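Scroll down for the structure; my scribbles are underneath it.
The values are calculated or read from the model by the stated rules, or taken from the named source; none is laboratory data. Every value quoted in this text rests on a predicted model; they were computed, and no experiment measured them. We place every Cβ from the backbone using ideal geometry, glycine too, and count neighbours over all the protein chains shown. Accessible surface is based on the protein model in full, side chains and every heavy atom, while ligands, DNA and RNA are left aside. Shrake-Rupley method; radii C 1.70, N 1.55, O 1.52, S 1.80 Å.
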Amino acid sequence: MGLSYRAAVLHAAQAPMAVETVTLAELKPADVLVKIRAAGLCHTDLEVIEGSLRYPMPIVLGHEAAGIVEQTGPAARGVKVGDHVVLSWNPHCGHCFYCDRDAPILCEQYLGEGPKGRAFDGGIRTSLADGRQLQQLMFLGSFGEYCIVSDQQAIPVPKEIPFDRACLIGCGVMTGAGAALNLGAIAHGDTVMVIGCGAVGLAAVQGARLAGAGAIIAVDLDAAKLALAAKMGATEGVNASKEDVAAFGRRATGGRGVDVVIEAAGSAAAFRNTTEAVRPGGQIIWLGKVDVNNDVSFRSGSLMQEKRIRRVSYGNTRPRRDFPLLARAYLDGALKLDEMISRRIKLEEINEGFAALKRGETIRSVITFN
Ligand SMILES: [Zn+2]
Ligand SMILES: [Zn+2]
């Protein structure tokens with residue numbers, strides 16, 4: 001096929017990406033060619049740029065995207081040309097040890113191929129102008145005008161939802177809202193604490209609201225993010241630089257501690273606060289990341305009393321079930337996405353977009369394509 005298009009290529013960690021012309025190989029039978037219309041800048045991309053998450057280079061980053069299906073391979077199922085799709089970064093084989101145990105996020109093929117930056121079948125789909133192979137992040141690589149994915153990654157959503165909002169569902173919103181809706185087991189009237197009010201945390205606040213939480217306590221270091229959390233449904237805000245988070249949680253619950261605490265800040269202090277703030281028998285959900293080689297410490301007593309800790313990466317999602325549901329919730333006014341978009345930028349502005357994310361100025365910058 002040899003389709004050429006523009007993409008932002010990362011040649012080395014801690015160097016700026018270069019927008020250059022790259023070339024697609026032919027579609028394999030189960031492949032889907034997607035014309036990208038919007039792609040969000042996520043913290044996980046930033047980790048690759050900074051070098052704390054290591055991938056082979058050169059690579060096209062980007063794993064939170066929406067677009068239009070332009071072409072499908074002869075064996076591609078569940079999606080057709082012209083569909084509006086949100087892309088999933090969790091393809092899975094369906095028949096390994098973990099798939100058989102209903103844990104697609106642990107699929108052996110997914111975890112085996114992911115770190116190589118290749119397509120789900122282990123192949124390479126794109127190359128640089130000089131012919132060198134180009135990797136794709138998380139089976140996607142959506143910081144470009146096109147992207148080849150496996151059919152199970154292209155999830156049709158209603159055409160009414162604008163692409164710049166739809167793309168958020170593909171990572172940050174699914175991760176946060178899914179934690180609350182699919183794993184939190186939040187009961188009506190529960191007190192839920194969400195630590196960290198970036199895109200994932202704001203989505204968790206909304207997931208808690210949709211699940212029927214009574215009080216929702218948002219925690220952050222930034223007053224502007226707490227104000228945004230209030231718009232999303234948080235009933236109280238705590239600035240962790242000024243107040244003791246666990247003490248606030250106890251005061252709000254007659255001394256017990258909160259029923260459910262969701263960590264979305266990605267700092268050792270936030271992880272530590274989760275076990276201190278939750279009540280006996282309560283639930284802790286960890287979403288954030290610190291460098292995998294760093295330690296996180298806990299007070300031993302805070303781990304007692306039947307507390308349940310769950311680590312989750314993608315909201316325990318089943319994308320074909322959840323992506324259309326979240327898109328419909330947006331169209332019904334129940335899920336707020338407009339407020340999560342801080343900036344709309346062009347592909348050429350991608351490096352400044354990540355610099356702003358690093359400085360904490362943005363919830364989400366979204367690259368829009370014509
Ligand atoms: Zn599998
Ligand atoms: Zn992400």
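May I ask you to list the residues in the range 131-158 that are of a type in the set (D, E, K, R) and either at pLDDT below 95 or closer than 26 Å to Val312 by Cβ (or both)? Give the derivation first.
Let us first name the residues in the range 131-158 that are of a type in the set (D, E, K, R), namely 132, 145, 151.
Of everything in the range 131-158, just one residue is of a type in the set (D, E, K, R) and either at pLDDT below 95 or closer than 26 Å to Val312 by Cβ (or both), namely Asp151.
Taking into account only those residues within the range 17-30 that are open to solvent by 10 Å² or more (accessible area, probe 1.4 Å) and part of a strand (DSSP E or B), which is farthest from Asp338 (Cα to Cα)? Walk me through it before giving the result.
Filtering the range 17-30 down to residues open to solvent by 10 Å² or more (accessible area, probe 1.4 Å) leaves 17-21, 23, 25-30.
Subsequent filtering for residues that are part of a strand (DSSP E or B) retains 18-21, 23.
Numbers: Ala18: 29, Val19: 27, Glu20: 30, Thr21: 31, Thr23: 33 Å.
Going through the qualifying residues, I end up with Thr23.
Only strands (runs of 3 or more DSSP E) wholly contained in the range 219-319 count here; list those with 1 or more residues that are within 18 Å of the chain's Cα centre (by Cα) and crowded, with 21+ Cβ neighbours inside 10 Å.
Numbers: elements: 236-239, 258-263, 278-286, 308-311.
By residue number, 258-263, 278-286.
Kindly indicate whether Arg54 is assigned to a strand (DSSP E or B) and within 19 Å of the chain's Cα centre (by Cα).
Working: assigned to a strand (DSSP E or B): no; within 19 Å of the chain's Cα centre (by Cα): yes.
Against the criterion (assigned to a strand (DSSP E or B) and within 19 Å of the chain's Cα centre (by Cα)), Arg54 does not qualify.
If you scan the range 330-347, which residues turn out to be more than 18 Å from the chain's Cα centre (by Cα), open to solvent by less than 70 Å² (accessible area, probe 1.4 Å) and under 15 Å from Ile161 (Cα atoms)?
Result: Leu331, Gly333, Ala334.
Anything in the range 1-59 that is among the small types (Gly, Ala, Ser), more than 19 Å from Arg118 (Cβ to Cβ) and in contact with a Phe, Trp or Tyr (Cβ under 7 Å, 6 or more places away or on another chain)? List them, or say none.
Ala38, Ala39
For the range 147-160, which positions are touching a strand residue (DSSP E or B) at 6+ places or on another chain (Cβ under 8 Å) and surrounded by fewer than 23 Cβ atoms within 10 Å (Cβ to Cβ)? Full working, then the answer.
Start the filter on the range 147-160 by keeping residues that are touching a strand residue (DSSP E or B) at 6+ places or on another chain (Cβ under 8 Å), which leaves 147-151, 153-159.
Ser150, Asp151, Pro156, Pro158, Lys159 - these are the residues of the range 147-160 that are touching a strand residue (DSSP E or B) at 6+ places or on another chain (Cβ under 8 Å) and surrounded by fewer than 23 Cβ atoms within 10 Å (Cβ to Cβ).
I want to confirm something. Restricting to the range 149-181 and keeping residues that are farther than 18 Å from Leu210 by Cα and part of a helix (DSSP H, G or I), which single residue is nearest to ligand 1 (Cβ to nearest atom)?
Looking only at the range 149-181, we keep the residues that are farther than 18 Å from Leu210 by Cα, and these are 149-167, 170-171.
The next check asks that each one be part of a helix (DSSP H, G or I); those that pass are 151-153, 163-167.
Values: Asp151: 16, Gln152: 11, Gln153: 14, Phe163: 30, Asp164: 32, Arg165: 31, Ala166: 27, Cys167: 26 Å.
It comes out as Gln152.
Evaluate the range 2-10: report whether one residue or more is surrounded by fewer than 16 Cβ atoms within 10 Å (Cβ to Cβ) and of a type in the set (Lys, Arg). If you could, list the steps in order and put the result at the bottom.
Within the range 2-10, the first condition is being surrounded by fewer than 16 Cβ atoms within 10 Å (Cβ to Cβ), and the residues that meet it are 2, 4.
If we keep only those that are of a type in the set (Lys, Arg) as well, we get none.
For the range 2-10, residues surrounded by fewer than 16 Cβ atoms within 10 Å (Cβ to Cβ) and of a type in the set (Lys, Arg): absent.
Of all residues in the range 65-118, count the ones that are open to solvent by 50 Å² or more (accessible area, probe 1.4 Å), among the polar types (S, T, N, Q) and in contact with a strand residue (DSSP E or B) (Cβ under 8 Å, 6 or more places away or on another chain).
Count: 1.
Filter the range 106-127 down to residues that are away from ligand 2 (no atom under 16 Å from the Cβ) and small (Gly, Ala, Ser) and give me whichever is farthest from Ile59 (Cα to Cα).
So the residue we want is Gly112.
Only one of (1) surrounded by fewer than 24 Cβ atoms within 10 Å (Cβ to Cβ); (2) β-branched (Val, Ile, Thr); (3) in a helix (DSSP H, G or I) fails for Val200. Which number is that?
In the conditions (1) surrounded by fewer than 24 Cβ atoms within 10 Å (Cβ to Cβ); (2) β-branched (Val, Ile, Thr); (3) in a helix (DSSP H, G or I), Val200 misses (1) alone.
Scanning the range 80-94 for residues that are of a type in the set (A, V, I, L, M, F, W, C) and under 15 Å from Cys147 (Cα atoms), which turns out nearest to ligand 1 (Cβ to nearest atom)?
Just the residues of the range 80-94 that are of a type in the set (A, V, I, L, M, F, W, C), to begin with: 81, 85-87, 89, 93.
Add one more test, that the residue is under 15 Å from Cys147 (Cα atoms), and what stays is 81, 85-87, 89.
Working: Val81: 28, Val85: 22, Val86: 22, Leu87: 19, Trp89: 15 Å.
By that ranking, first place goes to Trp89.
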